[in-house]
Amino acid sequence: MRNALHRFDVKASPYFYISPFFILFGLLGLFPLLYTGWVSLHDWDLLEDTHPFIGLENYAELVKDSRFWNALVNTVSIWVLSTVPQLILALLLAHVLNSRLRGETFWRTGLLLPNITSVVAVAIIFGQLFSRDYGIVNWLLGLFGAGHIDWDAGTATSHVAISVMVIWRWTGYNALIYLAAMQAVPDSLHEAATIDGASSLQRLLRITIPSIRPTIIFTVIISTIGGLQILAEPLLFGGGSFTGGNDRQFQTLALFLYENGFSLFKFGYASATAWLMFLLIAIVGAINFSIIRLIRRA
Amino acid sequence: MRNLHRLITAMAAVTLVAGLAACGSGGGDKGAGGKVKLVIGTFGEFGYDDLYKEYMAANPNIEITARVTKAEDHHKNIAAHLATGQGSADIEALEEGWIGQFKSNPDKFNNLLDLGANEIKSQWPEWKWKLSVARNGAQIGLGTDVGGLAMCYRSDLFAKAGLPTNRDEVSKLWPTWDAYIATGKKYAAAKVPDSAFFDGPTVMYRAVLGQSDIGLYDTNDNVVVETNPAVRGAFNKTIEALNAGLSAKIEAWSPDWNAGFQKGRFATIACPSWMMAYIQEQAKDASGKWDIAKIPGGTGNWGGSYLTIPKQSKHPKEAFALAKWLTSPDQQAKVFRKAGNFPSTSTLYSSPVITDFVNPYFSNAPVGKIFSESVATMKAQYLGPKAGDINTAIQNGLTRVEQGKQGPDDAWKQAVEEVKKIV
């Protein structure tokens, strides 16, 4: 009997120790996820008392909805425009900070400042920087003879402006992650390369980047997930408008979901959007993952 | 594999944080000592704090708890509380822009006619009363304030353009919107540097549409955007002003708009009473340059709120007594003096509180008189559930024309398509 209890203790205890996380995740993560799926099968107006079951009709309507595809294209465009420069900049910044500098802590803390600034404040400031008549960006461009750009009116220009906001907020964060990984790269490798006459750039490309590849992959995945869910920046850039500009030129998927759920109160339709977004992120994640495996094998 | 594991952990953490943030709080109940505890939910600045104290002193059995949130959050919270059947306050304030959506589900609110609202009906102008009446005839709210429309104009720029600057003469320039556009053409011909006649299409479109009997909906909650000539009419009238080159092409509420008040980028802007404070805030140095004349067409309203009593309230009678007291002319006069919210009770419009009210920033314009006149004769236009989103779709169309992305017909067609998807 005691033996059985002991065996039970050894086998079961670890599961009890980790259970709080999974219970909380089940209640606050998994349940809403599944419930959203259930809601997406209904014509669910937030304030109505009856919610007729309509099967997959929301999804059928959604794949025919030009606003959905427009939002998808915008999301991908903003994601590419923000993620690629952001990760490259972060790598360079981390590389610079990894060499000997005066006031290391000051610079490293500085990196994180944009990230801890409230996104609302960031969006308001950037909204002013990118304003057409009195914005600093247009003023600077004017010094070089470029004309005034109406940033939020155009598709490409609005995507650039929003991406700059994202880049500004997240570059430092990623740089710190890279920096942490770079410090684990043995100094001897760098010293040997330096003695052999390698330049700083060569060391970055030949030693640092190959050594921290798992970390780079991690940040790529994390910023992919973040980038596909982007909401606050386009919402606030458009002055709080749900449509993301007068021609939906910068409405992202998350903003489209928000418009349907919280302005039009169409919870069924918004939930279907949420699920399609989830599938999309899962697919992109899977592609990411298989590319990584290919790279590893090579 | 390790990366995937970390990824899942990170995802779970994000979900956790988001989930925890969504927790809410409960409504009112009997408080200590058998007192009736009333919770009242408002947003922004209602100017009620002193009134609560006064009411509690006069009614020792009542204990009032105030819950103040930002406008956007406030209305979303109400929607969530009504949908889940718990958490709403005994009295919830609703803004005009949201009232159509909420009154399409009148069963969620107490019909105030059952609580005796009919006795005080005559306090309000007919349109203000009707705006909160649901399709089934239930009255869900008592009017607090209104936002009468007038035309704010820069007298310094008018002088430069050779136009009259005296506000009575300026009012006579534009009895109609056609006359307003004609005046604009004169202003444009004078070529005042870096300055257009009006800011952008949004406010003008809203003001023109607001002056017709029927707006976006008929009284059965059917959208009539395509069939009601008044909607296309308001759209076309605004296009006419845009095509005449009168717009500064500045989006409302943008940083350029804020700077425009200060720098005189536009000479006129249709302004509701609450916008006076906004202009003063944005253009601190421009005191005496701005003045206020009548709105073309003579009437208009933009904004204003209601006090409603959700069915969830356990004390509808006591809540109604409080709402009735808060919206009575005497209290509205106090709120007006303290916070500047323009009263909705028409009996006040002939009292000195309003008639003697001038605004020194706007060259001592008799704004009490001007705004009350525009409100008193307002048409009782019915507001349907998605009116706000439909207006956004049409205004987006106007802005596309203004930015040269589309011609008027294409913009209208696209707006109509969007409206069909909204409903």
#### Entry: Whole-Hz couplings from phi, Karplus 6.51/-1.76/1.60, listed for region B:66-76; x for Gly and Pro
9, 10, 10, 10, 5, 3, 4, 5, 3, 6, 5
### Task
Only Lys, Arg, Asp and Glu count, each charged at its Cβ (+1, +1, -1, -1), so figure out the dipole size of region A:1-130 about its Cα centre, rounded to 20 debye.
1100 debye
### Summary
Listed by chain and number, the residues whose amide H is under 5 Å from that of residue B:144, excluding neighbours fewer than 5 places away on the same chain and using placed H, are B:305, B:306, B:307
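Express in nm, to one decimal, how much length is gained between residue B:65 and residue B:190 on full extension, taking 0.36 nm for each residue of separation and deducting their alpha carbon distance.
Numbers: separation 125, 0.36 × 125 = 45.00 nm, distance 5.71 nm.
Taking 0.36 nm per residue and subtracting the Cα distance, the gain is 39.3 nm.
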### Message
Shape verdict for chain A, please, from the Cα gyration tensor: rounded (a/c under 1.5), prolate (a/b greater than b/c) or oblate.
### Response
oblate
### Task
Using amide H atoms built 1.01 Å from N in the peptide plane, name the residues 5+ places from residue B:69, or on other chains, whose amide H lies under 5 Å from its own.
B:42, B:43, B:44
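Is the shape of region B:40-81 best called rounded, prolate or oblate, per the rule: a/c under 1.5 gives rounded, else a/b larger than b/c gives prolate, else oblate, with a ≥ b ≥ c the square roots of the Cα gyration tensor eigenvalues? Before the final figure, lay out the partial values.
Values: a/c = 5.14, a/b = 2.02, b/c = 2.54.
Cα axes put region B:40-81 in the oblate bin.
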### Query
Tell me, what ³J(HN,Hα) does each residue in region A:117-129 have, in order and in whole Hz, if you take phi through Karplus 6.51 cos²θ - 1.76 cosθ + 1.60 with θ = phi - 60° and put x for Gly and Pro?
6, 4, 5, 5, 4, 4, 5, 5, 4, 5, x, 6, 4
### Task
Based on other C-beta atoms within 10 Å, arrange B:186, B:324, B:294 from fewest to most.
B:186, B:324, B:294
### Query
Based on Cβ point charges of +1 for Lys and Arg and -1 for Asp and Glu, what charge dipole magnitude is obtained for the protein assembly as shown about its Cα centre, in debye rounded to the nearest 20?
1640 debye
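Under unit Cβ charges (Lys, Arg +1; Asp, Glu -1), what dipole magnitude, rounded to 20 debye, does region B:309-355 have relative to its Cα centre? Mind dumping the intermediate values first?
Working: 7 positive and 2 negative charges, 37 e Å.
For region B:309-355, the charge dipole is close to 180 debye.
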### Query
Using a simple spin-label model with points 7 Å from Cα along the Cα→Cβ vector, what separation in nm is obtained for residue A:34 and residue B:240?
6.2 nm
### Summary
Cβ-Cβ cut-off under 15 Å around residue A:203, Lys and Arg +1, Asp and Glu -1: the net charge is -1
### Query
Quick one: Karplus J couplings for region B:243-251, per residue in order, coefficients 6.51, -1.76, 1.60, θ = phi - 60°, nearest Hz, x for Gly and Pro?
5, 6, x, 8, 8, 7, 6, 10, 6
### Under 15 Å from residue B:413, Cα to Cα: aspartates and glutamates that are on another chain or at least 8 residues apart
A:247, B:226
### Message
Positive end of the dipole of the protein assembly as shown, charges at C-beta (+1 Lys, Arg; -1 Asp, Glu), about the Cα centre: which of A:251, A:195, B:290 has its Cα farthest in that direction?
### Response
A:195
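Read the figures in this text as sums done on the coordinates, not as results from a lab. Note that the structure is a prediction, hence the values are computed from the model and not measured. For neighbour counting, all protein chains shown are included, and Cβ atoms are generated from backbone atoms with ideal geometry for every residue, glycine included.
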